[in-house]
1. Looking at (1) more than 29 Å from residue 92 (Cα to Cα); (2) surrounded by 14 or more Cβ atoms within 10 Å (Cβ to Cβ); (3) touching a residue at least 24 places away in the same chain (Cβ under 8 Å), find the lone condition where residue 193 falls short.
2. Kindly check whether there is at least one residue in the range 267-290 that is at pLDDT 90 or above, part of a strand (DSSP E or B) and under 30 Å from residue 70 (Cβ atoms).
3. Limited to the range 162-176, what total is found for residues that are surrounded by fewer than 19 Cβ atoms within 10 Å (Cβ to Cβ) and under 26 Å from residue 90 (Cβ atoms)?
4. Taking residue 239 as meeting all but one of (1) over 30 Å from residue 52 (Cβ atoms); (2) of a type in the set (A, V, I, L, M); (3) under 22 Å from the mean Cα position of the chain (by Cα), write down the number of the exception.
5. Take the residues in the range 20-48 that are under 13 Å from the mean Cα position of the chain (by Cα) and modelled with pLDDT under 50; name whichever of them is nearest to residue 138 (Cα to Cα).
6. Scan the range 198-217 and give yes if some residue there is basic (Lys, Arg) and either within 26 Å of residue 86 (Cα to Cα) or crowded, with 17+ Cβ neighbours inside 10 Å (or both), otherwise no.
7. Against the conditions (1) in a loop (DSSP other than H, G, I, E, B); (2) under 26 Å from residue 268 (Cα atoms); (3) of a type outside the set (A, V, I, L, M), where does residue 78 fall short? Just the number, please.
8. Considering each residue of the range 50-86, count those that are more than 24 Å from residue 106 (Cβ to Cβ) and among the small types (Gly, Ala, Ser), and give that number.
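The values are calculated or read from the model by the stated rules, or taken from the named source; none is laboratory data. All of these numbers come straight from a predicted model, not from anything done at the bench. Ideal geometry is used to build each Cβ from the backbone, glycine not excepted, and the neighbour counts take in all protein chains shown.
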Amino acid sequence: MKKSLLFFLAFTLISAFSQVFAQTPAMPGPPKVALIVREDIKPGMMGTHNRHSAEFANIFGKLQTPNHRIALVPVAGSENEVIYLTGAATFAELEGMQKATDEKMSGAGGSMKADLDRLDKEAPLLHAGMRDMLAVLRPEYGYGAAVNLPTMRYFAVTTVRLRPGQEDQYAELLKMQNAARDKAKAELHVAAFQVIAGTLNTTLMFFRPMKSLAEYDLRIGPRVREAMSEDQRKKADKLAGESIVFTETSVYVMNPQMSYVSKEMAAGDPGFWNRKPEMIAKPKPKMRPRKPTAPPPPPAN
């Protein structure tokens with residue numbers, strides 16, 4: 001199979017959501033800006049990390065911080081990568097959320113402050129690396145209507161890196177693809193974000209919400225391609241080869257314990273989002289071994 005065709009087939013699997021990062025089901029579309037955090041977890045430490053992350057989310061809830069997030073853990077892709085998604089209407093709003101969160105965290109006292117200090121000290125033992133990215137919505141790259149995000153369980157996240165100066169060719173490819181999606185009646189809800197800080201600014205990220213992995217059985221990619229004429233397929237392959245340097249799709253499952261969503265978001269599916277976190281075993285103070293005691297003297301005759 002030609003390299004350009006591989007690009008195209010991978011790309012036709014890209015789909016996203018219309019309310020990603022949205023904290024109210026009534027929100028008609030994705031946020032204008034997003035903070036996307038990717039954490040590399042040290043091998044063998046994913047379970048410990050997830051409990052560590054759930055503790056932080058629990059503290060956010062107690063403090064009622066405004067930094068709502070959706071936590072994603074891997075299903076297909078790197079087994080040691082976690083993603084957190086936070087959205088806002090503007091970068092000023094995002095900055096305000098972060099400042100308010102920092103103030104509430106720094107003002108914590110008593111046992112909560114002790115827990116935060118412990119979690120901060122544990123973090124370097126769990127993380128191999130971390131990347132924070134700021135991204136803006138590219139609505140012209142999107143496709144499809146809104147989705148009921150609270151009822152979704154998975155995200156397929158596709159990262160596309162473009163060749164410098166080839167954005168127009170890529171936009172033409174998307175226009176052709178969206179027309180074919182209409183013709184194929186593709187069950188997609190696509191939102192695209194362009195990263196403007198944290199990695200190369202030729203990086204685009206697409207998100208696909210799914211209730212079940214069975215949605216891959218819909219054969220959306222092949223159906224979209226079949227909806228094109230032979231000439232359109234050839235042109236699409238050419239545009240993909242000219243404009244795309246790299247594309248990769250990973251699948252993640254939403255983790256409610258590690259996530260921290262608003263009450264409105266949780267109300268969309270309370271049985272899932274209000275799930276109790278697993279009991280987290282806190283480090284116990286080391287106890288000095290007891291010295292053996294001498295046996296009692298024998299009774300006197």
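1. The one condition residue 193 does not meet is (1).
2. No - not one qualifying residue is present in the range 267-290.
3. Result for the range 162-176: 2.
4. Here residue 239 clears every test but (3).
5. Applying the filter and picking the extreme gives 20.
6. Yes, there is a match, as at least one residue in the range 198-217 is basic (Lys, Arg) and either within 26 Å of residue 86 (Cα to Cα) or crowded, with 17+ Cβ neighbours inside 10 Å (or both).
7. (2)
8. 3
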